[in-house]
Amino acid sequence: MSESLRQPLLRTARPEDDEELSRLDRLTWSPLHAVVPRPRPPYPPFFDARHACEDTLVAELGGRVVGYIRVVPPTRLASNAHVRQIQGLAVADETRGHGVGRALVRAAVEEARRQGARRLTLRVLGHNAPARALYASEGFVVEGVLPGEFHVDGTYTDDVLMGRAL
């Protein structure tokens with residue numbers, strides 16, 4: 001079986017993943033999902049004060065990082081502590097369509113449950129049909145739409161809020 005068709009190894013990110021995850025982020029940048037300009041050197045680190053290793057799950061195939069998902073508290077408010085939010089999902093182009101993204105979303109659901117969350121939410125651009133379909137197939141529903149919230153690649157696009165109970 002080809003490497004891209006095997007089930008990925010999922011694990012919590014480690015500090016030594018920083019450079020590889022930063023590279024993956026740059027390689028997968030697209031106006032389909034990005035609301036920030038294309039990254040340019042000097043590249044910032046992947047992990048920083050807002051993005052810790054323990055908030056990131058990575059997918060590996062053959063010892064190589066091929067994807068990640070970030071699961072974080074959406075705010076620092078105690079009244080919101082029962083919610084986790086997906087704030088980043090990327091899958092290497094060569095492994096798309098082989099279940100890596102689905103495995104990461106399912107792992108995010110389990111991680112949020114392990115942390116005691118009752119809900120998992122996310123935001124996705126309205127024109128990102130592949131991501132929206134993946135999330136919907138994993139039980140996420142549209143809970144709100146901010147019309148024309150972002151101007152991406154010369155076009156105004158909606159910010160779609162999705163969530164699911166855990």
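The values are calculated or read from the model by the stated rules, or taken from the named source; none is laboratory data. Note that this is a predicted model, so its numbers are computed, not measured. Cβ atoms come from the backbone with ideal geometry, glycine included; neighbour counts cover every protein chain shown. Accessible surface is based on the protein model in full, side chains and every heavy atom, while ligands, DNA and RNA are left aside. Shrake-Rupley method; radii C 1.70, N 1.55, O 1.52, S 1.80 Å.
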Worksheet item: Hey, does region 88-96 have a residue that's among the charged types (D, E, K, R), under 14 Å from residue 12 (Cα atoms) and without any contact (Cβ under 8 Å) to a residue 24 or more places away in the chain?
Response: no
Worksheet entry | Residue among 89, 61, 104 that is under 16 Å from the mean Cα position of the chain (by Cα) and open to solvent by less than 10 Å² (accessible area, probe 1.4 Å) | 104
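Residue-by-condition table, conditions (1) within 22 Å of residue 72 (Cα to Cα); (2) open to solvent by less than 20 Å² (accessible area, probe 1.4 Å); (3) not in a strand (DSSP E or B):
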{"site": "108", "(1), (2), (3)": "yes, yes, yes"}
{"site": "111", "(1), (2), (3)": "yes, no, yes"}
{"site": "116", "(1), (2), (3)": "yes, no, yes"}
{"site": "122", "(1), (2), (3)": "yes, yes, no"}
{"site": "132", "(1), (2), (3)": "yes, no, yes"}
{"site": "135", "(1), (2), (3)": "yes, yes, yes"}
{"site": "147", "(1), (2), (3)": "no, no, no"}
{"site": "156", "(1), (2), (3)": "no, no, no"}
{"site": "164", "(1), (2), (3)": "yes, no, no"}
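Mind listing whichever residues of region 47-63 are assigned to a strand (DSSP E or B) and touching a residue at least 40 places away in the same chain (Cβ under 8 Å)?
Once the filter is applied, which keeps residues that are assigned to a strand (DSSP E or B) and touching a residue at least 40 places away in the same chain (Cβ under 8 Å), region 47-63 yields 56, 57, 58, 59, 60, 61.
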Worksheet, complete the sentence: Checked region 16-46 for anything assigned to a helix (DSSP H, G or I), in contact with an Asp or Glu (Cβ under 9 Å, 6 or more places away or on another chain) and surrounded by fewer than 17 Cβ atoms within 10 Å (Cβ to Cβ); matches are 27
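Quick check on this structure: which one of 62, 88 is in contact with a strand residue (DSSP E or B) (Cβ under 6 Å, 6 or more places away or on another chain) and on the phi > 0 side of the Ramachandran plot?
88
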Worksheet item: Quick one: how many residues across region 65-87 are free of Cβ contacts under 8 Å to residues at least 40 places away in the same chain and either in a loop (DSSP other than H, G, I, E, B) or not hydrophobic (A, V, I, L, M, F, W, C) (or both)?
Response: 12
Worksheet item: So which residues in region 74-86 are surrounded by fewer than 17 Cβ atoms within 10 Å (Cβ to Cβ) and touching a Gly at 6+ places or on another chain (Cβ under 9 Å)?
Response: 81, 82
Worksheet item: Conditions: (1) surrounded by fewer than 22 Cβ atoms within 10 Å (Cβ to Cβ); (2) among the hydroxyl-bearing types (Ser, Thr, Tyr); (3) more than 19 Å from residue 164 (Cβ to Cβ). Residue 68 meets all but one. Number of the miss?
Response: (1)
